[in-house]
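Reading through the structure tokens given below for one structure.
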Amino acid sequence: MKTLRGLYAITDSHLLADGRLLPYAEAALRGGARLLQYRDKSPEEQRRLREAQALQALCERYGAELIINDDAELAARLGVGLHLGQDDGSLSAARALLGRQAVIGATCHARLELAEQAASEGASYVAFGRFFDSRTKPGAPGADLALLEQARRRLHLPIVAIGGVTLDNATSLIAAGASLVAVIHALFAADSAAEVERRARAFSQLFEPI
Ligand SMILES: Cc1ncc(COP(=O)(O)OP(=O)(O)O)c(N)n1
Ligand SMILES: Cc1nc(C(=O)O)sc1CCOP(=O)(O)O
Ligand SMILES: [Mg+2]
């Protein structure tokens, strides 16, 4: 399995509509994103399959991990990773379905006990959030930096920080213990693929030793 550290780019069906999904996702990968999550809530199975396959090919080209949001069957069909929220089905069942090597992540909001549970069920990483005001998910429960510090001490898994992450606040999350920062708006709400690449590179550089 690849090292789970760095920028975690998450697609958004509104920001990446009108032909932007693949060029903007590729720009994020070119800028150094290590994980790319396909997050599309639509019921259009055929389109979702086609898009996920195209993203899989891109991730392979750039040595990154593709993670499917919510949909264990699609992840199993492609043989890629999966992210599950608290209401998205059983993590143990997903681990059994996808096998030992798959990257499987779990949303833990601001609750360490959920992270410990996820770890015991075979999660590869745990995600905490929302740390800041989020344009994408304004109603997500809040989390703070003290939680990240506590999680770093208690858990032995990569920790993802999500929710309103920007180039201005990501350093505080990394310093508090985040192994990955997951970003939608501050990465993909951009006028060009070149700008997405510039932002992705800037996020990625925050993880480099000085
Ligand atoms: C990396 C990461 N962290 C958290 C989430 C949120 O998952 P969930 O609570 O299931 O909400 P939706 O994204 O499905 O709306 C995530 N997707 N990725
Ligand atoms: C999908 C998601 N989950 C969250 C959580 O707290 O679990 S916050 C969030 C949205 C992240 O998007 P942005 O970078 O635009 O804030
Ligand atoms: Mg979900």
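What the phi angles of region 137-143 give under the Karplus curve with 6.51, -1.76 and 1.60, with θ = phi - 60°, is a coupling list of 9, x, x, 5, x, x, 9 Hz, glycine and proline written as x. Taking every DSSP helix (H) stretch of at least 4 residues in the chain, weighting each as -39,500 (n - 2.57) and dividing the sum by the residue count yields a mean residue ellipticity at 222 nm of -12000 deg cm²/dmol.
A cut-off of 5 Å between modelled amide H atoms, ignoring neighbours fewer than 5 places along the same chain, links Ile104 with Leu82, Ser124, Tyr125.
A simple rule links phi to the HN-Hα coupling: the Karplus curve 6.51 cos²θ - 1.76 cosθ + 1.60 with θ = phi - 60°, which for region 183-197 gives 9, 10, 4, 5, 9, 9, 7, 9, 7, 7, 5, 4, 5, 4, 4 Hz, with x for Gly and Pro. Shape verdict for region 75-157, please, from the Cα gyration tensor: rounded (a/c under 1.5), prolate (a/b greater than b/c) or oblate. Because a/c hits 1.5 or more and a/b fails to exceed b/c, region 75-157 counts as oblate. Per residue, the accessible area of the chain comes to 47 Å², computed with a 1.4 Å probe over protein heavy atoms only.
Proximity of backbone amide H atoms, modeled 1.01 Å from N, is registered between Glu65 and Leu35, Leu36 at under 5 Å, excluding neighbours fewer than 5 places apart on the same chain. Separation of region 155-210 from region 21-95 is 18 Å, based on Cα centroids. Would you please classify the overall shape of region 1-76 from the alpha carbon gyration tensor, given that a ≥ b ≥ c denote the square roots of the eigenvalues, rounded means a/c under 1.5, and beyond that prolate means a/b larger than b/c while oblate covers the rest? Note, shape of region 1-76 comes out oblate. Each peptide in 22-35, 89-102 gets a packing score, the mean of other Cβ atoms within 10 Å over its residues, and the list from highest to lowest is 22-35, 89-102.
To the nearest 0.05, what FRET efficiency results for Leu167 and Leu78 with a Förster distance of 35 Å applied to their C-beta separation?
0.65
Compute the Cα gyration tensor for region 63-111, then decide on rounded, prolate or oblate, letting a ≥ b ≥ c be the square roots of its eigenvalues: rounded whenever a/c is under 1.5, prolate when a/b is larger than b/c in the other cases, and oblate in all that remain. Verdict is prolate for region 63-111. First compute the accessible area of the chain with a 1.4 Å probe, then give the percent of it belonging to carbon and sulfur atoms. Using a 1.4 Å probe with all protein chains present, the chain comes out at 49 percent carbon and sulfur.
The values are calculated or read from the model by the stated rules, or taken from the named source; none is laboratory data. Worth saying up front: this structure is predicted, and the values here are computed from it rather than measured. Cβ sites come from the backbone with ideal geometry, for glycine too, and all protein chains shown count toward neighbours. Ligands, DNA and RNA are excluded from the accessible area calculation, which covers all protein heavy atoms including side chains. Shrake-Rupley method; radii C 1.70, N 1.55, O 1.52, S 1.80 Å.
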